[in-house]
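What follows is a short report on a single structure.
The values are calculated or read from the model by the stated rules, or taken from the named source; none is laboratory data. Source: prediction; values computed, not measured. Here the Cβ positions follow ideal geometry from the backbone for every residue, glycine too, while neighbour counts run over all protein chains shown. Just so you know, the surface numbers come from the protein's heavy atoms only, side chains and all, with ligands and any DNA or RNA stripped out. Shrake-Rupley method; radii C 1.70, N 1.55, O 1.52, S 1.80 Å.
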Amino acid sequence: MKILFLVPYPLNEAPSQRFRFEQYFQELLREGHSFEVRSFLTAENWQSFYQSGQILTKTLSLIRGSFSRCAALIEAIKYDFIFIHR
């Protein structure tokens, strides 16, 4: 089964993701499933959100994430299952 994970944060950054699904990635692979993770924010963008100022960087990050998400939705037809993490 091909699984697409649509998530808001980069991997290994948010406790909500680790608790809900990241901890099961190895088990999914052992069971013969393949998956891809598409995060809304990149690791670099994620770090900028914790710094004061940088409004342009943050705005561009949100725009980039929106375009990335639209592209992922177009490609979603290739997957058997889509997991959307709030």
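Just a few scattered comments:
- Unique residue being open to solvent by less than 100 Å² (accessible area, probe 1.4 Å), within 15 Å of Val7 (Cα to Cα), in contact (Cβ under 8 Å) with a residue 12 or more places away in the chain and more than 12 Å from the chain's Cα centre (by Cα) when the list is Ala76, Ala72: Ala76
- Only residues that are within 19 Å of Leu11 (Cβ to Cβ), out of contact with any helix residue (DSSP H, G or I) (no Cβ under 9 Å at 6 or more places or on another chain) and at pLDDT 90 or above were counted in segment 42-74, giving 4.
- Within segment 22-52, considering residues that are in a loop (DSSP other than H, G, I, E, B) and under 12 Å from the mean Cα position of the chain (by Cα), the one surrounded by the most Cβ atoms within 10 Å (Cβ to Cβ): Leu41
- Of all residues making up segment 21-57, the number that are of a type outside the set (Asp, Glu) and within 14 Å of Phe83 (Cα to Cα): 11
- Looking across segment 1-21 at every residue that is in contact (Cβ under 8 Å) with a residue 24 or more places away in the chain and in a loop (DSSP other than H, G, I, E, B), the one that is most open to solvent (accessible area, probe 1.4 Å) is identified as Met1.
Every residue, every condition in (1) acidic (Asp, Glu); (2) in contact with a Leu (Cβ under 7 Å, 6 or more places away or on another chain), yes or no:
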residue: Lys2; (1), (2): no, no
residue: Glu13; (1), (2): yes, no
residue: Tyr24; (1), (2): no, no
residue: Phe35; (1), (2): no, yes
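- Test: residue in segment 13-20 that is among the hydrophobic types (A, V, I, L, M, F, W, C), closer than 16 Å to Arg86 by Cβ and touching a helix residue (DSSP H, G or I) at 6+ places or on another chain (Cβ under 9 Å): yes
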